[in-house]
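The values are calculated or read from the model by the stated rules, or taken from the named source; none is laboratory data. Please read these numbers as outputs of a predicted model, since none were measured by experiment. Glycine also receives a Cβ, built like all others from the backbone with ideal geometry; neighbour counts cover every protein chain displayed.
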Amino acid sequence: MEQTNRRKFLKSLTLGAFSVPLLPKKWPAQDQMDRVQKGKMFYRRLGRTDLRISEVSLGGSPIPDWAILTQAIERGVNYIDTSHSYSNGNSERAIGRLFKEVGRDTAYVGTKFHANRNWNEETILKSVEESLKRLQTDHIDVLLIHGVDDEEILTDERVLSAYEKLRKEGKFRFTGISCHSNHHKVVKKAIECGYYDIVQLGYNVFDIQETEEEKDIESYDDYLAESGIRPLISLARAKDVGIIAMKVLKVGGKRQDLEKYKTENSSIFQIMLKWALTNANISAVVTEMLTFEQLEEDLAVVQHSLSAGEQRSLFRYVAENSQDYCHMCGQCESHCPAGIKTTAILRYLSYYEGYEKFARANRGYRSLPPEERAPSCQNCGQCEDRCPYGVSIRKRIAYAHQLLS
């Protein structure tokens, strides 16, 4: 029965969900190309969905104020990433207002449901129904599983059955996942199993691979050889699965004063965005634009490539700042004999330090069972032995406990 349902699900995805006009309504004559320009924005093909999404797209955690949101849309941003859990649903509500007051065809929306803790098919269906109400729409463009860290969830019958029911009712168009950790297993399976059209994963300058041009960066060993981020992105391209990059600006929302890395009038954040967009296998980067200054800063990169000077500045930045940056690969967590959720703890620490999302960081850490928190550490050092970057994990999780408990 399980295999039959999976075959039916895959067939239904191959045939397409249902017919909804793509936006914008008119593309340039070269619309069969992977990258096309309309106005001052460039759009890239999102894998086999054939959606054309703005290569700089909007992250909705949190969503910007109304004036900034509508300005982003007017400037050509046409994809918004959100979730039912962002700002207690207020992110989706703001997008719902946009759809109602400006028009449903102004933007594509990707939203998410969780498949963790006490979840089942019914909780998924309920979550999606509530998202549709907040979004004030009858369909979601991309429906993603939020933060998958266990690859078995991807083919779980409860997930596939929920997707199938929602598909029959025309409540979503394309499937996807977001992945914060264990991506070398999760993303690979998501691509190869054939059920998912979109993968959203963390990808930023700390994932620089040591090529001939980058060999002078002596900050860490070649992490990509172990975790395989770039090969995964290439595999996605080969299978025509769309890739959306998140967490592109180091650890996110807090834009520190990094004036010393400014090059050729480009801020380090603009250089980071340019670097990610040099990968033609990525359809878009999603980034939070919470002020008009950030909006201008991010959209300014669209028509400009990464210069040699900017690249040198970028390499210097990575070399000087990579030591304590966690890439969420999950290697430490999977080899911890005490079962401490090291990857999750370090993610919550990044919310606190980088995003200034203090309540979310505290809430996330305190939601972990006591035995999975930092005090359970046996100080064996296996986590640090397995870390491809040499992050001081024991020190960092102890600091997280001090801040967040």
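At-a-glance table
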item: Hey, SER181 in contact with a strand residue (DSSP E or B) (Cβ under 7 Å, 6 or more places away or on another chain), small (Gly, Ala, Ser) and at negative phi or not; result: no
item: Residue within the range 149-159 that is in the same structural domain as TYR86 (by TED's automatic domain parsing), within 17 Å of the chain's Cα centre (by Cα) and assigned to a strand (DSSP E or B) present; result: no
item: Residue match in the range 127-139 (condition: at pLDDT 95 or above, assigned to a strand (DSSP E or B) and closer than 28 Å to GLU192 by Cβ); result: no
item: Hits in the range 149-169 - residues which are within 23 Å of LYS185 (Cα to Cα) and charged (D, E, K, R); result: ASP149, ASP150, GLU151, GLU152, ASP156, GLU157, ARG158
item: Residue match in the range 221-244 (condition: aromatic (Phe, Trp, Tyr), at pLDDT below 80, touching a Cys at 6+ places or on another chain (Cβ under 8 Å) and assigned by TED's automatic domain parsing to the domain that holds TYR79); result: yes
item: Filter result for LYS40 (closer than 16 Å to SER178 by Cβ and in contact (Cβ under 8 Å) with a residue 60 or more places away in the chain); result: no
item: Odd one out for GLU371, checked against (1) out of contact with any Phe, Trp or Tyr (no Cβ under 6 Å at 6 or more places or on another chain); (2) in contact (Cβ under 8 Å) with a residue 40 or more places away in the chain; (3) at negative phi; result: (2)
item: Matching residues in the range 160-186 - criterion: being aliphatic (A, V, I, L, M), buried (at least 22 other Cβ atoms within 10 Å of the Cβ) and part of a helix (DSSP H, G or I); result: ALA162, LEU166, VAL186
item: Within the range 106-124, considering residues that are in contact (Cβ under 8 Å) with a residue 40 or more places away in the chain and hydroxyl-bearing (Ser, Thr, Tyr), the one nearest to VAL159 (Cα to Cα); result: TYR108
item: Search result, residues across the range 49-106 that are hydroxyl-bearing (Ser, Thr, Tyr) and either within 16 Å of the chain's Cα centre (by Cα) or over 21 Å from GLY242 (Cβ atoms) (or both); result: SER54, SER57, SER61, THR70, TYR79, THR82, SER83, SER85, TYR86, SER87, SER91
item: Meets criteria (surrounded by fewer than 18 Cβ atoms within 10 Å (Cβ to Cβ), under 18 Å from CYS179 (Cβ atoms) and of a type in the set (S, T, N, Q)) for ASN120; result: no
